[in-house]
Amino acid sequence: MSATCGHHHGHDHGHGGHSHHHDASQPGARKALWIALGLNAAMFAIEIGAGLAAGSASLLADSADFLGDAANYGLSLAVLSLSLAWRARAALVKAASMGLFGLGVLFIVGLHLWRGTLPEPATMGAIGLLALLANLASALVLYRFRTGDSNMRAVWLCTRNDAIGNVLVMAAAGAVYLLGNGWPDLAVASFMAVLAIWSAAQVTRQAWGELRQEMQQPSHPGHTNPVAGIGHGD
């Protein structure tokens, strides 16, 4: 995960029965997370305004996702140098936010369906393209971390989902223009919701596995297990 290596280097050294997890690539991961955080925060501000102006459920859904991702990248930065157990806990928080995002998008879809909103396709397409470029830039700097621990895997999945969503938003914009109704916009927003919920389940499964792994390691006398968050931490 370093700037010069395209894969994850993790080393666990036992000291008197106590395990320390060393991530040799933290500097590269930290830089990538800061870049992604800045891009996502900027796109949230742009897209929420455009989504409201265009009356687009998929743009509003994507703006909420940008906000959640920016917060998640900040959380990843906070726990990057901590033990595997703490990074797994952070991943569980991310998974919960991804799941809540999915449910929130389904609510927005229902609201637009009830109101019969017809979105503005030109704005949808233009902002969708801008969002795609931002997410592709984030995905590029985060790609090498996709097989890391659950914390970094959650970051990668969020970014990948966003890029997929942006392509679909642009496709929906074209369909709205051709068909003259809002169904394509609502369909894309619904798909993004399901994708977020599915990814949340994946991250939760991996994070729980990492926590169980830490809990099964023997504790050194005088120190509690790392999963309790007390004692030695990296």
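Look at segment 49-74 and say how many of its residues are closer than 14 Å to Glu120 by Cα and open to solvent by 20 Å² or more (accessible area, probe 1.4 Å).
4
For segment 149-164, which residues satisfy the criterion of being open to solvent by 20 Å² or more (accessible area, probe 1.4 Å) and modelled with pLDDT under 75?
Arg153
Scan segment 200-207 and tell me whether some residue there is modelled with pLDDT of 85 or more, over 25 Å from Ala29 (Cα atoms) and crowded, with 17+ Cβ neighbours inside 10 Å.
So far as segment 200-207 goes, no, none of its residues is modelled with pLDDT of 85 or more, over 25 Å from Ala29 (Cα atoms) and crowded, with 17+ Cβ neighbours inside 10 Å.
Condition check: over 15 Å from Leu33 (Cα atoms), at pLDDT 85 or above, open to solvent by 10 Å² or more (accessible area, probe 1.4 Å) and not small (Gly, Ala, Ser). Does Leu82 satisfy that?
Answer is no for this residue.
Taking the stated definitions as given, is Val141 farther than 26 Å from Leu37 by Cβ, part of a helix (DSSP H, G or I), open to solvent by 10 Å² or more (accessible area, probe 1.4 Å) and touching a residue at least 40 places away in the same chain (Cβ under 8 Å)?
Values: farther than 26 Å from Leu37 by Cβ: no; part of a helix (DSSP H, G or I): yes; open to solvent by 10 Å² or more (accessible area, probe 1.4 Å): yes; touching a residue at least 40 places away in the same chain (Cβ under 8 Å): yes.
No: the conditions fail for Val141.
Is it the case that some residue within segment 117-125 is out of contact with any His (no Cβ under 8 Å at 6 or more places or on another chain), farther than 27 Å from Ala29 by Cα, modelled with pLDDT under 80 and not aliphatic (A, V, I, L, M)?
Looking for residues that are out of contact with any His (no Cβ under 8 Å at 6 or more places or on another chain), farther than 27 Å from Ala29 by Cα, modelled with pLDDT under 80 and not aliphatic (A, V, I, L, M), one finds at least one in segment 117-125, hence yes.
Looking at Leu129, Leu133, Leu118, Leu178, which one is open to solvent by 20 Å² or more (accessible area, probe 1.4 Å), within 21 Å of Ala54 (Cα to Cα), outside any helix (DSSP H, G or I) and not polar (S, T, N, Q)?
The conditions single out Leu118.
The values are calculated or read from the model by the stated rules, or taken from the named source; none is laboratory data. Remember, it's a predicted structure, so these values are computed and weren't measured experimentally. Methodologically, a virtual Cβ is constructed for each residue, glycine included, from the backbone with ideal geometry; neighbour enumeration extends over all protein chains shown. Areas reflect the complete protein model, heavy atoms only, side chains present, ligands, DNA and RNA absent. Shrake-Rupley method; radii C 1.70, N 1.55, O 1.52, S 1.80 Å.
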